[in-house]
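Read through the structure below, which is laid out as structure tokens, and then see the notes.
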Ligand SMILES: [Fe+2]
Ligand SMILES: [Fe+2]
């Protein structure tokens, strides 16, 4: 229903839409292309054949150098083992996983919130999203493009297939973001809205060109600020 599409230079969103009772949900993957391609999350195993076809239409598996995993919920690591098998040069970069993949070559690099690594001249930084549904979740900020992968945060069920959230009326989209967010948790200080608000402010102050999420259309332009408001 939606094809892989470019959301920033060297950045392709690979959407997977899933029919829901009130519209369409998403299980997305992102691919950073360029000299050292990065897969960002690996979708759900139930879509494996289509996932492989879509992702490897964007990047050759032999070229993939990194696989970043935000957290190990089944809809983010569903094709991780398959991807590690198919991409022999790839190193997994991730935080704490409950079930680390059995990789005989031990291609795994652990990263913490705020830590960065360099990929072909670009700096990728692990930045925890304000809301998540697994406590070890890390998002990924690309300092070159300003794209932030927010994992489960900023998800939205949409009434029809939509690649850019700006194609939906703001009210409708932000209400859907709010509804999706009720299933997530703030990353610390449940009872301290000041601390939570401060963290949201800090993230919102970063140079952002796109909020790419595993579970919704990509948020760009003026909608970014409104999405942060919805989160607050
Ligand atoms: Fe999750
Ligand atoms: Fe998820």
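Brief remarks follow.
- Single condition residue 139 does not satisfy, out of (1) more than 16 Å from ligand 2 (Cβ to nearest atom); (2) out of contact with any helix residue (DSSP H, G or I) (no Cβ under 6 Å at 6 or more places or on another chain): (1)
- All positions within the range 28-50 that are surrounded by 23 or more Cβ atoms within 10 Å (Cβ to Cβ), touching a helix residue (DSSP H, G or I) at 6+ places or on another chain (Cβ under 9 Å) and outside any strand (DSSP E or B): 37, 41, 42, 43
- Close pairs from the range 139-167: first on the phi > 0 side of the Ramachandran plot and more than 16 Å from ligand 1 (Cβ to nearest atom), partner part of a loop (DSSP other than H, G, I, E, B) and modelled with pLDDT of 95 or more, Cβ under 7 Å, at least 6 apart: 146/207; 146/208; 146/209
- Residue match in the range 11-29 (condition: more than 14 Å from ligand 2 (Cβ to nearest atom) and within 21 Å of residue 118 (Cβ to Cβ)): yes
- If you filter the range 208-232 down to residues that are more than 16 Å from ligand 2 (Cβ to nearest atom), in contact with a strand residue (DSSP E or B) (Cβ under 9 Å, 6 or more places away or on another chain) and not in a helix (DSSP H, G or I), you find that the one that is farthest from residue 42 (Cα to Cα) is 221.
- The residues listed here are 74, 45; of these, the one that is within 16 Å of ligand 2 (Cβ to nearest atom), in contact (Cβ under 8 Å) with a residue 24 or more places away in the chain, out of contact with any strand residue (DSSP E or B) (no Cβ under 8 Å at 6 or more places or on another chain) and closer than 24 Å to residue 130 by Cβ is 74.
- Residue 167 closer than 21 Å to residue 29 by Cβ and surrounded by 15 or more Cβ atoms within 10 Å (Cβ to Cβ): no
- Note on the range 1-11: residues that are farther than 17 Å from residue 93 by Cβ and crowded, with 23+ Cβ neighbours inside 10 Å amount to 0.
- Once the range 76-94 is narrowed to residues that are assigned to a helix (DSSP H, G or I) and away from ligand 1 (no atom under 16 Å from the Cβ), the residue that is nearest to residue 55 (Cα to Cα) is 83.
- Residues of the range 170-185 satisfying the condition of being surrounded by 17 or more Cβ atoms within 10 Å (Cβ to Cβ) and more than 16 Å from ligand 2 (Cβ to nearest atom): 173, 174
- When restricted to residues that are part of a loop (DSSP other than H, G, I, E, B), in contact with a helix residue (DSSP H, G or I) (Cβ under 6 Å, 6 or more places away or on another chain) and either modelled with pLDDT under 95 or within 20 Å of residue 148 (Cα to Cα) (or both), the range 51-75 contains 1.
- Of the criteria (1) out of contact with any strand residue (DSSP E or B) (no Cβ under 9 Å at 6 or more places or on another chain); (2) assigned to a loop (DSSP other than H, G, I, E, B), which one residue 112 fails: (1)
The values are calculated or read from the model by the stated rules, or taken from the named source; none is laboratory data. Predicted model only: the values in this text are computed from it and were never measured. Cβ atoms come from the backbone with ideal geometry, glycine included; neighbour counts cover every protein chain shown.
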